[in-house]
1. Filter the range 184-213 down to the residues that are surrounded by fewer than 17 Cβ atoms within 10 Å (Cβ to Cβ), of a type outside the set (Asp, Glu) and in contact (Cβ under 8 Å) with a residue 40 or more places away in the chain and list them by number.
2. Return the residues of the range 39-90 that are of a type in the set (Ser, Thr, Tyr) and free of Cβ contacts under 8 Å to residues at least 40 places away in the same chain; say none if nothing qualifies.
3. I want to confirm something. Restricting to the range 117-128 and keeping residues that are outside any loop (DSSP other than H, G, I, E, B) and free of Cβ contacts under 8 Å to residues at least 40 places away in the same chain, which single residue is farthest from Arg70 (Cα to Cα)?
4. Quick check on my filter: what residues within the range 189-204 are assigned to a loop (DSSP other than H, G, I, E, B) and under 30 Å from Glu87 (Cα atoms)?
5. Exactly one of these conditions fails for Thr74: (1) within 30 Å of Val165 (Cβ to Cβ); (2) modelled with pLDDT of 90 or more; (3) among the polar types (S, T, N, Q). Give me its number.
6. Assess whether Asn106 counts as being touching a residue at least 24 places away in the same chain (Cβ under 8 Å) and touching a Gly at 6+ places or on another chain (Cβ under 6 Å).
7. Scan Pro85, Pro103, Pro44 and give me the residue that is closer than 30 Å to Thr146 by Cα, at pLDDT below 90 and not aliphatic (A, V, I, L, M).
Amino acid sequence: MGITSKPVVFAVLSAAVILIGTTATVFIPLFMPSTQPISASIKPYTAVEQEGRDIYMREGCNNCHTQTVRPLRTEVLRYGEYSKPEEFAYDRPFLWGSRRTGPDLNRVGGKYPDSWHYTHLMSPQGMFEKSNMPPYAWLAKNKLDTGYSYKKCSVLGYGYSKSDVEQQIGQYKATVTDGAYPSKGSRDKVTPPELRKELTEMDALIAYIQKLGRDVKNMEAKK
């Protein structure tokens, strides 16, 4: 008589094998060092960029835009250098995606000036008549909440101190509210007067968008 003729013994042994397999593949890796490759050229998100990333996910932007350029000639010609594993060392969660209702954004950082993004977010159809992207002008009417910025960066392991986070927020705020800011005209068109000296959710979203692919472009430029 084989083991299959002993249902109780078979069930116990099956459960033991499944338990061992689950432990080996799920729990043990939790206590092992990360296998994610990290490059010194890829920098963690700043506090403002991380806030923008959270807004990006909150608004479901990743439902229409992917963030991964495949190593195919047509994609590299359109979007730029194909995506590398080390680019995503600080992405939690990953936003690779598979549906491109809109163009891929993994290399969009620095492609357009901030003024382009303020105008585009205010009215996509004003720039592309057939665009099916909804307008996000209302983001400029929401003051950015940075109350949890340090906690977010700390939990995500970016290595910033509280003073680092405060400095990053202060520096970005000083940049976009400066009278000499190159995109001041476009920002003022969408931002209410009472918020022009404050950071808005749109400011943070644009900071995040401008980060995408920026480190890789700088790395490629140095070669």
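1. Within the range 184-213, the subset surrounded by fewer than 17 Cβ atoms within 10 Å (Cβ to Cβ) is 185, 188-189, 192-194, 196-198.
Checking the rest, the ones that are also of a type outside the set (Asp, Glu) come to 185, 189, 192-193, 196-197.
Passing the criteria: Gly185, Lys189, Pro192.
2. Thr68, Thr74, Tyr79, Tyr82, Ser83
3. Going through the range 117-128, the residues outside any loop (DSSP other than H, G, I, E, B) turn out to be 117-122, 124-127.
Going one step further and asking which of them are free of Cβ contacts under 8 Å to residues at least 40 places away in the same chain, we end up with 120, 124-127.
On the way: His120: 26, Pro124: 26, Gln125: 28, Gly126: 30, Met127: 27 Å.
Across the range 117-128, the extreme among qualifying residues is Gly126.
4. Selection gives Leu199 alone.
5. (1)
6. Numbers: touching a residue at least 24 places away in the same chain (Cβ under 8 Å): yes; touching a Gly at 6+ places or on another chain (Cβ under 6 Å): yes.
So Asn106 passes the test.
7. Being closer than 30 Å to Thr146 by Cα, at pLDDT below 90 and not aliphatic (A, V, I, L, M) holds for just one of Pro85, Pro103, Pro44, which is Pro85.
Results for (1) in a loop (DSSP other than H, G, I, E, B); (2) modelled with pLDDT under 95; (3) in contact with a helix residue (DSSP H, G or I) (Cβ under 9 Å, 6 or more places away or on another chain), shown as yes or no for each residue.
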residue: Lys130; (1), (2), (3): yes, yes, no
residue: Leu139; (1), (2), (3): no, no, yes
residue: Glu166; (1), (2), (3): no, no, yes
residue: Ile169; (1), (2), (3): no, no, yes
residue: Pro182; (1), (2), (3): yes, no, yes
residue: Arg187; (1), (2), (3): no, no, yes
residue: Ile206; (1), (2), (3): no, no, yes
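The values are calculated or read from the model by the stated rules, or taken from the named source; none is laboratory data. Not measured: the values here are computed from a predicted model. Note: ideal-geometry Cβ built from the backbone for every residue, glycine included; neighbour counts use all protein chains shown.
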